[in-house]
Structure formats: C-alpha cells, structure tokens
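Here is the structure we will look at, set down as structure tokens.
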Amino acid sequence: MIAVERLVKHYRSGEETVRALDGVSLTVERGELVALYGPSGSGKTTLLTIAAALLAPDAGRVLVAGTDVAGLSRRAAARYRMRQVGYVAQNPDLLPGVPAIDQAALKLYGARLGVRAAHRRVAPLLDRLGLGDRLRHRPDQLSAGERQRVLIARALSTEPDLVLADEPTGSLDARRSRDVLALLTEICAERGCAMLLVTHDPDAAAHAARVLTLADGRLASAA
C-alpha cells in the first residue's frame, strides 16, 4: 500500500547539516499496522510529514497505491489528504468554539457530505473512542487527551486507505492509550487500511505487527 524508497531529507542548522532522513526504505501493506519507533529527533515525524504530502523530500519517493505523493501538485496533494490518507498530527489543535462532533466531521464537510450524514458517520467513532458523552463539548471543555481522540476520529472519518499517526497516545493515560491502540489495530484489520504509527513509547509499539527502529535518520533494525 505504501512504499518508502531511499527517502532523504536534510536540514541546515547554522553551519551543520542535520540528516533527518538518510536513505530510508520501508513498506506497509493493507491491513497492517507498523510502528516506527525511536527517540525524539530521529526523523520519525519528518517521514510522516513527507508521506502526508506536506513536505517534499530531497531525494527518494513515497508511493501510495502506486502514486508518488511527493510529485503531486498542491491541489492533488490536498485531495490526497482529504480522501486517501488520515493524518493524526502530534499536537491536538482544534478550531476554537466548534463542538467535538463537528471537529471530527471537518473532512466529511470538505468532501461535501451533509451535516446529518457526517454526524452519523463520526458519532460511532467518537463513541468507540470514549467520547460519546462529549459530542457537543468545545475544545476548551476537553482535556488534551480528549482533543487528541477527536483528531483520531477525524482522521478515520473518511475511511482512508492509509493512516499516519504521529504519537497518537502522547496525551493519553496508560489505560486510555491501550484502548485507543486496540481500536486502531481493530480498525486497521476491519477496513484493510495500512497504518504507520510513530512513537517513542515501547508499550505503544508493542501493538504493531512490525516495529521499525529509526535512529539518526536511518532504519536501525526491524522486528
């Protein structure tokens, strides 16, 4: 489903070159959850951002269903993020004053699904994420962990082929983390989507079918 081929991304920091990604290659198949494990600064988020067509690589390519997403036009990249990929960013930024159910439905609204139909789609997801009694709560009425779960529901709302999750349990307690990871694993199997989970938490990585370790921009090992 997704094939990362010899991906390179370097940054300049003063006179120093930071090798965020240095020839990384990996694959994730449909129905498979793969964890990309490693410490902060190892290049994990950079890889996910490129796979989401939000950042261009210096070299290499990311193929999703055979299409090189790095070569997409701005409009095609936006359409790709809307329809094919569910991206869970690390920081749970939500629109102020907007209820959780509408936050979760934003991608569906962008796809021109009506409000009632969109609510019918996302309400069960929010319920499965433990937010069934928070549907009408605004961001200021939600905890950081609850806001993160709203973003997860949004990412899954369009039933994407690929889910990219950047530390999706970083704001959750241990019990809720287990519940969310179990749900992501279940949905991955149910819908046959490919899922790449970025984490530095070994307990989160343990839910994956495979664990790839990234260190200093290179894949160090696979399990």
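The values are calculated or read from the model by the stated rules, or taken from the named source; none is laboratory data. Since we're looking at a predicted model, the values are computed, not measured. Backbone-built Cβ (ideal geometry, glycine too); neighbour counts: all protein chains shown.
Among residues of the stretch 116-136 being part of a helix (DSSP H, G or I) and either of a type in the set (Val, Ile, Thr) or surrounded by fewer than 17 Cβ atoms within 10 Å (Cβ to Cβ) (or both), the one that is nearest to the chain's Cα centre (by Cα) is 122. List every residue pair whose Cβ atoms sit under 6 Å apart, with the two residues 6 or more apart in sequence or on different chains, where the first one lies in the stretch 87-110 and is assigned to a loop (DSSP other than H, G, I, E, B) and the second, anywhere, is among the hydrophobic types (A, V, I, L, M, F, W, C). The qualifying pairs are 92/151; 105/118; 105/122. The residue that is surrounded by the fewest Cβ atoms within 10 Å (Cβ to Cβ), counting only those in the stretch 144-162 that are β-branched (Val, Ile, Thr) and within 15 Å of residue 128 (Cβ to Cβ), is 152.
Listed here are the strands (runs of 3 or more DSSP E) enclosed by the stretch 181-223 that have at least 3 residues being touching a helix residue (DSSP H, G or I) at 6+ places or on another chain (Cβ under 8 Å): 194-199.
Okay, residues lined up against (1) in contact with a Lys or Arg (Cβ under 9 Å, 6 or more places away or on another chain); (2) over 27 Å from residue 41 (Cα atoms):
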residue	(1), (2)
107	yes, yes
132	no, yes
138	no, yes
159	yes, yes
166	yes, no
189	no, yes
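Hey, any hits in the stretch 2-25 for a residue that's farther than 18 Å from residue 168 by Cβ, more than 19 Å from the chain's Cα centre (by Cα), assigned to a loop (DSSP other than H, G, I, E, B) and at pLDDT below 95? Yes: one or more hits.
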